[in-house]
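> Sending over a structure as structure tokens; questions will come in a sec.
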Amino acid sequence: MKYFVVSDVHSFYQPFKTALDAAGFNPQNKGHTLVVAGDLFDRGSDAIELYKYVGSLPRRILIRGNHEDLLEEMVKRGEPWDMDEHNGTLRTLLDFNGIDVCDYLLGEAEFPSKTEKTRRLIAWIDENFVDYAEFSQCVVVHSWLPQKYIVHKELDRPNYYITDPNWRKAGEKRWKESRWGNPFECLRMKVPEKKKIIAGHWHSSYAWHVIDGTPEFGEGANYDIWEGSKLIMIDACTAISGKCNVFIFEDEQPATLGMTIEQRKQKSRRKKI
């Protein structure tokens, strides 16, 4: 099977589709699978078009990102905060409900937290977005694996975080926390196994900036895929660069997937019976 990995598309359908076409992705090819490493929506204007395309694919693996979390938090809260408007999360929900942003901001439309369209969107995310996808040579996550805090009783030894060796068994709260870190900086906590981490969330230009001295943003910034011995960063910061990276690898073994929110809910229900 050939896997085509993208991340942080943020509702920019055209750069996403152009990059997949250029990479040779063919939905009709039974040997091709799309992997989205989180943050499918927010910021751009093509959320519905992206949703329809990804939803139509016969082979796809969707990994939950922090923006999937932010969308659900906003809906549960019943009102948007300033960060939801800034991040484009509010726009995503309005677009799915056919509400013009200006109409909403002028008070001519209510916040659509309890509509059927919102319910279906949240249900789709909860049923399809997993915590991780593990392959024979790599693990695809949004940012990093869950961490473990090491506390020393000795006063002269500082406490610190490590990557949890039992990350596969981590609960929803810890996976949620793991979706916010800078994967390049998380390398300090080391990868617990002989597998590379493929991550989005943080622009790859940061790694190029640290390693090669190129600008992190602006003229001369390098948004190409960055690959080290333990980490591959693929977030092209599409909202700024206008491009989408596609990382391709092949694996004969089927992927092992983390849990979805819906699977966790079902597991919790079974425990109560």
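The values are calculated or read from the model by the stated rules, or taken from the named source; none is laboratory data. What you see is a predicted model, and the numbers here were worked out from it, not measured in a lab. Using ideal geometry, Cβ is built from the backbone for each residue, glycine included, and neighbour counts are taken over all protein chains shown. Calculation scope for accessible area: heavy atoms of the full protein, side chains included, ligands and nucleic acids excluded. Shrake-Rupley method; radii C 1.70, N 1.55, O 1.52, S 1.80 Å.
> Could you pull out the pairs from Lys148/Lys230; Lys30/Lys267; Lys195/Lys271 whose alpha carbons sit more than 23 Å apart here? Could you put the intermediate results ahead of the total?
Numbers: Lys148/Lys230 19 Å; Lys30/Lys267 32 Å; Lys195/Lys271 33 Å.
Violating the 23 Å Cα-Cα cut-off are Lys30/Lys267; Lys195/Lys271.
> Go through (i) 59, 50, 27; (ii) 59, 49, 40; (iii) 69, 47, 36 and flag the label whose value is the computed Cα extents along the principal axes in Å for this structure.
(ii)
> When all protein chains stay in place, what accessible area (Å², nearest 10, 1.4 Å probe) is found for Arg168?
Accessible area of Arg168: about 100 Å².
> Name the residue from Phe217, Val54, Met189 whose Cα lies farthest towards the positive end of the charge dipole of the chain, charges +1 on Cβ of Lys and Arg and -1 on Cβ of Asp and Glu.
Met189
> Could you provide, to the nearest whole Å², the per residue accessible area of the chain with probe 1.4 Å?
On the way: 13930 Å² over 273 residues.
Heavy-atom SASA per residue in the chain reads 51 Å².
> May I ask what percent, to the nearest 5, of DSSP beta bridges between residues of the chain are antiparallel?
Values: 14 of 31 bridges.
Antiparallel: roughly 45 percent of the beta bridges in the chain.
> Using only protein heavy atoms and a 1.4 Å probe, report how much of Tyr149 is accessible, in Å² to the nearest 10.
Tyr149 has an accessible surface of roughly 120 Å² with all protein chains in place.
> Next question. Calculate the tail of P(r) for region 151-273: the fraction of all Cα-Cα distances greater than 24 Å, expressed in %.
Value for region 151-273 (Cα pairs over 24 Å): 45 percent.
> Considering just Cα atoms, how many Å³ per residue does the convex hull of region 1-106 enclose?
On the way: hull volume 10.0 nm³, N = 106.
About 94 Å³ per residue, rounded to a whole number.
> Mind checking which of Asn66, Asn87, Asn182 has the largest fluctuation in a GNM of the chain, springs on alpha carbons under 10 Å?
Ranking Asn66, Asn87, Asn182 by mean-square fluctuation puts Asn87 first.
> Which percent of the accessible heavy-atom area of the chain goes to carbon and sulfur, probe 1.4 angstrom?
Numbers: 6990 of 13930 Å².
Taking all protein chains in place, the chain shows 50 percent carbon and sulfur surface.
> While we're here: For Arg269, Arg179, Arg174, write out the residues from largest to smallest accessible area, computed with a 1.4 angstrom probe and no ligands counted.
Accessible-area ranking of Arg269, Arg179, Arg174, largest first: Arg269, Arg174, Arg179.
> Follow-up question, since we're still on this one. For the chain, with only Lys/Arg (+1) and Asp/Glu (-1) charged at the beta-carbon, what is the dipole magnitude about the Cα centre, in debye rounded to 20? Before the final figure, lay out each step's value.
Details: 38 positive and 41 negative charges, 355 e Å.
My answer is approximately 1700 debye.
> With the contact rule set at Cα under 8 Å and sequence spacing of 6 or more, what percent relative contact order holds for the chain? Present the calculation step by step, with values, prior to reporting the outcome.
Working: 517 pairs, mean separation 62.6, N = 273.
The normalised contact order for the chain reaches 23 percent.
> So which trypsin sites (Lys or Arg not before Pro) in region 62-123 are both in a DSSP loop and have at most 11 other Cβ atoms within 10 Å of their Cβ?
On the way: sites: Arg64, Lys76, Arg77, Arg91, Lys114, Lys117, Arg119, Arg120; in loops: Arg64, Lys114.
Sparse-neighbourhood loop trypsin sites (Lys or Arg not before Pro): Lys114.
> If the cut-off is 22 Å between C-alpha atoms, which lysines fall inside it for Lys117, apart from same-chain ones fewer than 8 positions away?
Lys117 reaches Lys52, Lys76, Lys265.
> At 1.002 mPa s and 20 °C, plugging the Kirkwood radius over alpha-carbon pairs of region 77-195 into Stokes-Einstein gives what diffusion coefficient in µm²/s? If you can, show how the numbers build up before the last one.
Working: Rh = 17.6 Å.
Rounded to a whole number, D works out at 122 µm²/s.
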